[in-house]
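Any read-out appearing in this document is the output of simple, stated calculations on the displayed coordinates, not a laboratory observation. Quantities reported herein were computed from a predicted structural model and do not represent experimental measurements. Cβ placement follows ideal geometry from the backbone for every residue including glycine, while neighbour counts extend to all protein chains displayed.
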Amino acid sequence: MDLHPAGVRTENQARSSGIHVSRFTFQNRLDRWCERGILALVLAILAFGPFAFGAVELPEFLVIEILTIGVLVLWALRLWVSPRPKLFWPPICWAATAFTGYAVARYLTADIEYVARQEMIRILVYAFVFLAILSNLYGQNHLRTISLVLIFLALAEAGYAIYQYLLGWKHAVIAVQPVEHRAAGTYLSPNHLGGFLEMVLPLALAFTLVSRLKPLWRIITGYAALVVIAGIAVTGSRGAWISAGVSLVLFFGVLIFRRGHRLPAVLFFTAIACAVLFLAPKSFYLEQRLKDAMPTERKVNDDLRFALWRPAIQLWHENFWWGAGPDHFNSRFRAFRPEEIQREAGWVHNDYLNTLADWGVAGFALVLAAWLLLGGGILKSWPAVAKARNELGGAPGGNKFALLLGASLGLLAILIHSFVDYNMHVPANAIVAITLMALLSSQLRFATDRYWIALSSWRRVIGAIVVMVPTLYLALQSVRQGEESLWLHRAAGTPRWSGDRVDFLGRAASVEPNNGDTAYAIGEIFRQQSLEGGPDYELLAREAMKWFERAMKLDPWSGYACLRYGMCLDWLGKLEQSEPYLNRAEALDPNGCYTAANIGLHYVQTGDYAAARSWFERSLRLQGRENPIALNYLRIVERRLVAGATNGLSAP
């Protein structure tokens, strides 16, 4: 007997169908909102980096890290709510994933855990920003929006730089610009502003001359391109001038061979060339910077860049296959320091050598593979994108071709500039480069469908796990980094040798016990307090030694920690025990003027004035100016040597 009449069955089916449609509609809406959220967060990352001084320091990069966590959370949610989830996985993704895995492995085996972890976190952020853009923001509206936002960011930065240059204003919002007669915008270095602008310039020109934007938008992007060219000029960055010039020649060279774009390209190039030839000679400083870039009998004025290359090559040869470790160049630099460089190196001023020094041949090969796969993808996409026409006909190309041409030449410009600078170690510029790489890689979908991966239920689970595990790790690290940054910031606002600073630094050390710099800073405060004398001077010196010993364990290449430990032993009267530590400090920094001067102080205390004089003289040969220790004590030592030789005064 039929318990469900036809009318009832029809009603139930209709109700079930309505529920299914409603659920499908809800999933679509939630998926769209997640997609928009990812786009908004990516745009926030791109906008924040340049305006946060390049996001070089930890507090600024922490904001980018938190925004990236938001991107990953929304991506994981999309994997579950999307009715038909899919993943775009071109060959470059394998190289990016392999290098990320290699970075994790090198972190686990690095000599300096804290430094390696910070670098690994940056690489995780870069990798997941790249993958998130590639798999979520591949639509034409997304590509156009990201491109226009980059162009407007470059317009704002270039306009601000021109304002700085014309008014002689030396301030980049808050931080002081370190170089006169050059504009840095909101970056800390004019070279890095030039690196950002040179990546976006071809994109702005392409959307002006090649795209199918409305006329008003093309006028705006054309104006932005001209302002960006002026912005690159006022940076005074010779690397940016050369790389931008090469990209412009190639850009207009490509368009000259395209019938539909030949005349606008010739007119635009002529206008730019005439403006440069007319305005450049009117600035004495810019003209002088250009002359310094030309080889002459007195060689190129390289601002000691080439001197930094030598220790990088030596460090790489010492760690040929695997490198010294993530971001280890600065820590290991002192052992290979040339005599003419007496300041912190930071980075090599050559991203290629920096990669070899830190990551070795293995890491360099993975990075090179990613760039080669990107180039192969561009070549494969070019025929499909360059010959495309809109529905109404017209010249081949359009927005897709504008993106392909502009982004390709923008990346070529930063690759050229990377021979003489370290733009890829400035997070703001690295993220712009990674974004352009992701946008270019997404163009492969117009040439082939083979790189799409449909996500079944079990693939969704795997994908969500792969996304959420690093998300959880980054979230935990961001909390840790934020708390450490808070205490370090509070410590910086207290008197230099005060107990309050010790308290704040101690809290930072409890949050992040592996930061050798914090341990060294605490030890130095206790040492200075001990030098003031008082009944507790010995206890304070021994407390300082504990922190210096901790710093030596956390950073085995810290010559200054060894030096300070030996100086504490000298202060306590254990002169013979201090020599091994001073010898270790000298081995870790053989050409350091500061190390040599303080070793000279040790021999003053032992009464060996002849040895002390040789160390002070060596320190002054390395750094003649702003070297008060060596200068003052050399006079004292010479007087005592003269007095001893004439028996006028017995040496104590």
Quick check: the angle from helix 140-167's long axis to the longest principal axis of the chain, C-alpha only, nearest 10 degrees? 40
In nm, to one decimal, how far is the Thr25 label point from the Trp497 one, both placed 7 Å along Cα→Cβ? 7.5
When a footprinting reagent is the concern and you count Cβ atoms within 10 Å, what order do Trp94, Trp557 take, fewest first? Trp94, Trp557
Point-charge dipole on Cβ atoms (K/R +1, D/E -1) for the chain, about Cα centre, debye to 20: 2720
Helix axis angle, 516-531 relative to the chain longest principal axis, alpha carbon, degrees: 30
What number comes out for the charge environment of Glu617, summing +1 per Lys or Arg and -1 per Asp or Glu over other residues with Cβ under 13 Å away? +3
Between Ala47 and Asn330, how many nm apart are label points set 7 Å from Cα along the C-beta direction? 2.9
Please work out how many pairs of lysine residues in the chain are eight or more positions apart (or on different chains) and have Cα atoms closer than 23 angstrom. 11
Please find the FRET efficiency linking Tyr223 to Arg32, where r is the Cβ-Cβ separation and R0 is fixed at 45 Å, and quote it to the nearest 0.05. 0.85
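Once fully extended, how much extra length lies between Arg343 and Val81, figured as 0.36 nm per residue of separation less the alpha-carbon to alpha-carbon distance?
Result for the pair: 89.0 nm of gain on full extension.
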State, to one decimal in nm, how far the label point of Arg450 lies from the label point of Ala610, with both points 7 Å from Cα in the Cβ direction. 7.8
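So, R0 is 25 Å and r is the distance between the beta-carbons of Leu631 and Ala587; what FRET efficiency does that work out to, to 0.05?
For R0 = 25 Å, the calculated efficiency reads 0.50.
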Sum -39500 (n - 2.57) across every DSSP H segment of at least 4 residues in the chain, then divide by the residue count to get the 222 nm mean residue ellipticity, nearest 500. -25000 deg cm²/dmol
Listed residue (Phe61, Gly236, Ile378) projecting farthest to the positive dipole end of the chain, Cβ model: Ile378
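Give me the number: length gained by fully extending Asp536 to Val361, i.e. 0.36 nm times residue separation minus the C-alpha to C-alpha distance, one decimal in nm.
Gain on extension, Asp536 to Val361, equals 57.8 nm.
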Any idea what the dipole of the range 493-589 comes to, in debye rounded to 20, about its Cα centre with Lys/Arg Cβ at +1 and Asp/Glu Cβ at -1? 180
Over all Cα pairs of the range 581-652, how is the pair count split among 5 Å bins, expressed in % and running from 0 up to the last occupied bin? 4, 19, 28, 22, 15, 8, 4, 1
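Around Trp497, what is the net charge, scoring Lys/Arg as +1 and Asp/Glu as -1 over all other residues with Cβ under 11 Å from its Cβ?
Around Trp497, the surrounding residues sum to 0.
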Let me make sure I get this right: for the range 458-540, a, b and c are the square roots of the gyration tensor eigenvalues over alpha carbons, sorted descending. Under 1.5 in a/c it's rounded, otherwise prolate if a/b > b/c, else oblate. Which is it? prolate
What angle, in degrees between 0 and 90 and rounded to the nearest 10, separates the Cα long axis of helix 238-256 from the longest principal axis of the Cα atoms of the chain? 20
Any chance you could run the full-extension gain for Leu372 through Tyr473? It's 0.36 nm times the residue separation minus the Cα-Cα distance, nm to one decimal. 33.3 nm
